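The values are calculated or read from the model by the stated rules, or taken from the named source; none is laboratory data. Predicted model only: the values in this text are computed from it and were never measured. All Cβ positions, even for glycine, are placed from backbone atoms using ideal geometry, and neighbour counts span all protein chains on display.
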């Protein structure tokens, strides 16, 4: 398998959340039902992954791939706020947005071993 250069870089959003490890499975399920459902209808959304750390069992990292940085940042802030409020209300347990890794170092996928058509 060889690496292929993408015709357009894919923007990567990375959010690290912290919570009681006993709540993580429920958080992931609700995140998929609410956030992924909303984001997947936004222009430029490609896919989403949830990463868990064995070293930090109280953390999950949400990784969202966007066709372009501009499409990602064009999402209506009122949609994001309403979705966050809905999620918080339904989740009901405390959690913290610990870090937005993309604010420190914005990453883009420029080469991949996945066919470009599979990213969209």
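Values as computed for the structure displayed
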read-out	value
Residues located in region 28-70, provided they are within 13 Å of residue 10 (Cα to Cα), within 14 Å of the chain's Cα centre (by Cα) and in a helix (DSSP H, G or I)	69
Of all residues in region 6-32 being in contact with a helix residue (DSSP H, G or I) (Cβ under 7 Å, 6 or more places away or on another chain) and surrounded by fewer than 16 Cβ atoms within 10 Å (Cβ to Cβ), the one that is farthest from residue 92 (Cα to Cα)	7
Residue list for region 94-110, restricted to those being surrounded by 11 or more Cβ atoms within 10 Å (Cβ to Cβ) and modelled with pLDDT under 80	102, 106, 107, 108, 109, 110
Verdict on residue 6 being in contact with a strand residue (DSSP E or B) (Cβ under 8 Å, 6 or more places away or on another chain) and either part of a helix (DSSP H, G or I) or touching a residue at least 60 places away in the same chain (Cβ under 8 Å) (or both)	yes
